[in-house]
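**Q** Before we start, here is the structure in question, set down as structure tokens.
Read-outs: derived from the displayed coordinates by stated rules, not from any lab. All of these numbers come straight from a predicted model, not from anything done at the bench. Here the Cβ positions follow ideal geometry from the backbone for every residue, glycine too, while neighbour counts run over all protein chains shown.
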Amino acid sequence: MSDAAAHAMHPPTSTGLDNRKVAIWAFIGSECLFFASLISTYLVYKGKSLVGPLPHEASQCMLHGQMQRCEGVFEVPLVTAGTAVLLFSSFFVVLALYGAQKGNRKMLLGWLSATVACGLFFVGMQVYEFTHFYHKGMGYGTNLFSSTFFTLTGFHGSHVTLGVIWLSTILFLAARGKLPPEKALNLELAALYWHFVDVVWIVIFPVVYLMR
Amino acid sequence: MATSVLEHSAVHHAEAKSGLWSWITTVDHKRIGILYGASAFLFFLLGGIEAFVIRLQLMTADNTLVSPEFYNQLFTMHGTTMIFLGVMPLSAMFFNYFIPLQIGARDVVFPRLNAFSYWVFLLGGLFINAGFFFNAWPNAGWFGYANLTSAQYSPGLNTDFWVIGLQILGIASIAAAVNFFVTIINMRAPGMTLLRMPMFVWMSFITQILLLLAFPVITVALVFLMMDRHFGTHFFIPAGGGDPILWQHLFWIFGHPEVYILILPAFGIVSEILPVFSRKPLFGYTAMVFSGVFIAFLGFGVWSHHMFATGMGPFADAFFSLSTMLIAVPTGVKIFNWIGTIWGGSLQFKTPMYFALGFIAMFIIGGLSGVMHSSPPADLQQTDTYFVVAHFHYVLFGGSIFALTGGAYYWLPKMTGRMLNETAGKIHFWLMLIGFNLTFAPMHILGLNGMPRRVYTYPAGLGFEFWNGLETVGAAIIVVSQLVFIVNLIVSLRRPRNAPADPWHGATLEWSIPSPPQEFNFPEVPEVKSSIPLWDLRRELGSLPEPQRVSGAGIHLPNPSYYPLVAAIGVFVTLGGILFAQPHFPWYVITLTGVAVLFYGVYRWAFEPAG
Ligand SMILES: [Cu+2]
């Protein structure tokens, strides 16, 4: 049974909006509170760490058992690059969706691959960053900064990872010709989620990396 | 992952389905509603038994019926069970069964997601209680205050069962909330504008929004706590710079909206019962809607009234005191509208009406003591005393449970096709009302006299004996009242069907179809022109003809599926694995297995043949 036939057999929804789209929006609303709680905790505990390492340079901090000058752990240029890539991916997924809706297979596959690649780059950047911090002696429970940082960015990263898996699944289907224009909504739902994950990062990036 | 009823089978479901497998794979909102109801009622009885053992322990001074340790487990599990496994899923039973019927839909919008929610809820409830068999029933209070819950002060698995169990339950709640939110927005029958929805649907709608916005916050708090206990963080541990008060903020930002999650469905049920048994439309429909919205909105700005004793300073105290008092205004609007509804009505004193009226009276008492708590100086006197216990039992038992019981008498004939005995129903009501007041009214006095809550006994000679003895007698009467209900229910279920489609002269769509409804609910999608469609029809036709059962040939229903259960097991194993998080133990193998099962379930679910 084709989707078009299914639509023909059912009354339109009460609002005219697609059911799954409303569901994604409701879920995103819920997720806003999830990240708001994580970000608030990060801010509440900002500057309250008893020992280093610290996010930004500090003249006095307790590190390796003695008070000393501490360097900040953040590598802002690298994360800025990751941020830019993630932002571009939001643009790419819009182009992919446009391709899907117009039945332009080349556009769809090309831009969707680019989106997935951007997502992978971002996740890779985070994996590198986390490993790097770990080698600098910043474990998950080292101090309040490390705990709140890893929890917040870790949950964001796992959302990006889920998005990559979701988009890759659609890419796989699309490559096998299973994403005709009337099913473009399947991509639109994933794209909505993807945009949300990006928007959350736009909040996290300045709050965590730029604010001193 | 989410698939709508748009993608369903073209198979006709003419034959009746029964047997265990049909229940495991069901995606029918009515069957899922019954599953919710049956499971929640059993949990409710368990929570009741816990409460009764508490009352037996407190019946006399210096009693030694239970140990202090077991007493901690009893009051923790009583609170946790009644809130998360009793009242919430009993409301979910009515959401499931009656939201689609009241809005004229054939099912919820995502039937398989609905089954998933139920299975996750059931597994979560079993998980929390499983601690009992390892002598590790949760024991740190239903509010789980830090840093009592830290690994240092709560070694053992008790708190782990609680933390992980609540996370599992949270997933069920959010999945269900998304489902009902979209169902109400998008599945209404033609003509049913938002301001023509039955009040139960309205209050349920607001409840779903509260669930969506409140549960993520406790999820985060529980994640922090889990990390503190197992992975070396110090979110709530002062030794590492953490602040135990942060737990209280996160918990009550969830916890106060949770109060409305427990009571708004009750408001909705009572707003259905009163008009029907007064033979008058609901008074002030629009005011009812907007007062509900206003209550929910304010509900997110009052959480710290649970924290006056932490010393937040005059500004915060004043803010949260005023915002709390403000909530009394929309709540008062509701109470006056209920009174306006019965005013001058042609009152039909049937059992549901008894419970609805009992609800109003008891809820007013609980509401008034709630306003007393909103004043910080008064609250400081009452904090951690039985006065608070009295207050929230008047709103949750006198409020929610009375309304839910009224809802059961009102709607069970529709669900089972069998009427409940009226005399037994009224005996149930009077026993419950008397038992309830004997149990909880004296707690006001005991609390003001300084009897602390959560303490397993009290010494003789403080003047606590008489009231405590009386309370235990009251609790015994409540137990008897529940037995009357259970007998009534069993006797009615063993009789042949005798319920007409519309036993109460109802005003809403669920009464336009046979009791119990056929699998497809409505042979034809109804059209609605007001908030009281059946009364319109009755006026037009003089009387309503009894609807006949029809063949469902040609009506498409979603396929049964067991992937929701597979996915739910995945969630259960993923989070359950963390219970084993010890150094040098490969607990992550369990968790990763769970993730794999979850992905398998979700992918098979997403790619299940559409028909
Ligand atoms: Cu409150």
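**Q** Under a straight-distance cross-link criterion of Cα-Cα below 29 Å, which lysines are reachable from B:K426, leaving out those fewer than 8 residues away in the same chain?
**A** Reachable lysines: B:K30, B:K280, B:K334, B:K350, B:K414.
**Q** Please list the helices of chain B that count as membrane-span-like by this rule: a mean Kyte-Doolittle hydropathy of at least 1.6 together with Cα atoms stretching 24 Å or more along the helix axis, each helix being a complete DSSP H run.
**A** B:199-230
**Q** Long-range amide H contacts for B:W137: which residues qualify at under 5 Å (H placed 1.01 Å from N, peptide plane, sequence gap of 5 or more or a different chain)?
**A** Long-range HN contacts for B:W137: B:F132.
**Q** Considering only DSSP states other than H, G, I, E and B, which trypsin sites (Lys or Arg not before Pro) in the range B:16-106 qualify as loop sites with at most 15 other Cβ atoms within 10 Å?
**A** Answer in residue order: B:K17.
**Q** Something else: What is chain A's relative contact order, in percent, from Cα pairs under 8 angstrom and six or more apart in sequence?
**A** It comes to 26 percent, rounded to a whole number.
**Q** Further, regarding this structure: Would you mind getting me the FRET efficiency between A:S158 and A:K46? Use the beta-carbon distance for r and R0 = 30 Å, nearest 0.05.
**A** 0.85
**Q** Then there is this: Let me know the mean shielding of B:176-182 by other chains, meaning the per-residue number of their Cβ atoms within 10 Å of its Cβ.
**A** So the per-residue partner count for this stretch is 5.
**Q** With a sphere of radius 11 Å drawn around the Cβ of A:H159, what net charge do the other residues whose Cβ falls strictly inside it have (Lys, Arg +1; Asp, Glu -1)?
**A** -2
**Q** I'd like the distance between the alpha-carbon centres of the range B:495-563 and the range B:344-381, rounded to an integer number of Å.
**A** Spelled out, the Cα-based centre of one part sits 33 Å from the other.
**Q** Sticking with this one: Within the range B:57-88, what residues put their amide N at less than 17 Å from the label point 7 Å along the Cα-to-Cβ vector of B:N135?
**A** B:66-74
**Q** Quick one: longest stretch of chain B between exposed loop chymotrypsin sites (Phe, Trp or Tyr not before Pro), exposed meaning at most 15 other C-beta atoms within 10 Å and loop per DSSP?
**A** B:350-606
**Q** Semi-axes, largest first, in whole Å: what does sqrt of 5 times each Cα gyration tensor eigenvalue give for the range A:19-210?
**A** Ellipsoid semi-axes (Å, largest first): 38, 17, 12.
**Q** On a full-extension model of 0.36 nm per residue, what is the gain between B:A596 and B:R497, subtracting their alpha-carbon distance, rounded to one decimal in nm?
**A** Length gained between B:A596 and B:R497: 31.1 nm.
**Q** Please report, in debye to the nearest 20, how large the charge dipole of the range B:30-545 is about its Cα centre when each Lys and Arg carries +1 at its beta carbon and each Asp and Glu carries -1 there.
**A** My answer is approximately 1420 debye.
**Q** How large is the dipole of the range A:19-210 about the Cα centre if only Lys and Arg carry +1 and Asp and Glu carry -1, each at its Cβ, rounded to the nearest 20 debye?
**A** 560
**Q** Other chains' Cβ within 10 Å of B:231-243 residues: what's the mean?
**A** If you average over the peptide's residues, the count of other-chain Cβ atoms is 5.
**Q** Here's another thing I want to ask about it. Could you work out the relative contact order of chain B, using alpha carbon pairs under 8 angstrom and six or more residues apart, expressed as a whole percent?
**A** In percent, rounded to a whole number, it is 21.
**Q** Would you mind giving the average projected area, over all directions, of the Cα convex hull of chain B in nm² with one decimal?
**A** Averaged projected hull area, Cα only: 27.1 nm².
**Q** What FRET efficiency, computed as 1/(1 + (r/R0)^6) with R0 = 56 Å and r the Cβ-Cβ distance, is obtained for A:T80 and B:I434, rounded to the nearest 0.05?
**A** 0.20
**Q** Within 10 Å of each candidate Cβ there may be at most 13 other Cβ atoms; applying that plus a DSSP loop requirement, which trypsin sites (Lys or Arg not before Pro) in the range B:530-585 survive?
**A** The qualifying sites are B:R549.
**Q** Angle between the Cα long axis of helix A:144-175 and the longest principal axis of chain A, 0 to 90 degrees, nearest 10?
**A** With both axes taken from Cα atoms, the answer is about 20 degrees.
**Q** In what order do B:T324, B:T233, A:T131 fall by count of nearby beta-carbon atoms within 10 Å, going from fewest to most?
**A** Lowest count first: A:T131, B:T324, B:T233.
**Q** Still on this structure, please answer the following. According to a simple spin-label model (label point 7 Å from Cα along Cα-to-Cβ), what is the distance in nm between B:F290 and B:F466?
**A** 5.0
**Q** Could you compute the net charge surrounding B:Q582? Neighbours are other residues with a C-beta less than 14 Å from the C-beta of B:Q582; K and R count +1, D and E count -1.
**A** Summing Lys and Arg as +1 and Asp and Glu as -1 gives 0.
**Q** Could I ask something else about it? What FRET efficiency comes out for the pair A:A117/B:A606, r = Cβ-Cβ distance, R0 = 25 Å, nearest 0.05?
**A** The calculated FRET efficiency here is 0.60.
**Q** Let me ask something additional. Per-residue counts of other Cβ atoms within 10 Å, averaged by peptide: what ranking do you get for B:474-480, A:205-211, highest first?
**A** B:474-480, A:205-211
**Q** Taking the Cα atoms of the protein assembly as shown, report the difference between the largest and smallest coordinate on each principal axis, in whole Å and largest first.
**A** In descending order, the Cα extents are 78, 77, 46 Å.
**Q** Per-residue Cβ counts within 10 Å, from other chains only, averaged over B:217-224: what number is that?
**A** For peptide B:217-224, the averaged partner shielding equals 4.
**Q** When the helices in chain A are scored as -39500 (n - 2.57) per DSSP H run of 4 or longer and the sum is shared across all residues, what 222 nm value do you end up with, to the nearest 500 deg cm²/dmol?
**A** -24000 deg cm²/dmol
**Q** Are there cysteines in the protein assembly as shown with no second cysteine's Cβ under 4.7 Å away, and if so, which?
**A** That list is A:C32, A:C118.
**Q** Go ahead and estimate [θ] at 222 nm for chain B from helices alone: -39,500 (n - 2.57) per DSSP H run with n ≥ 4, summed, over the residue count, rounded to 500.
**A** Value at 222 nm, helices only: -21000 deg cm²/dmol.
**Q** Further question: So how many Lys-Lys pairs in the range A:19-210 land under 21 Å Cα to Cα, not counting same-chain pairs under 8 apart?
**A** 9
**Q** Here's another thing I want to ask about it. Expressed as an acute angle from 0 to 90° and rounded to the nearest 10, what is the orientation of the C-alpha long axis of helix A:105-135 relative to the principal long axis of chain A?
**A** Once rounded, the angle reads 20 degrees.
**Q** Return the distance in nm (one decimal) between the two label points of a simple spin-label model at B:L65 and B:F143, each offset 7 Å from Cα along Cα→Cβ.
**A** Calculated label separation equals 2.5 nm.
**Q** Using the basic label-point model (7 angstrom from Cα toward the beta carbon), what is the A:H64 to A:H132 distance in nanometres?
**A** 2.0
**Q** Round to the nearest 10 and give me the degree value, 0 to 90, for the angle of helix A:76-102's Cα axis relative to the longest principal axis of chain A.
**A** Relative to chain A, helix A:76-102 is tipped by roughly 0 degrees.
**Q** Next question. By the scheme Lys and Arg +1, Asp and Glu -1, what is the net charge of all other residues having a beta-carbon under 15 Å from that of B:P244?
**A** Result for the neighbourhood of B:P244: 0.
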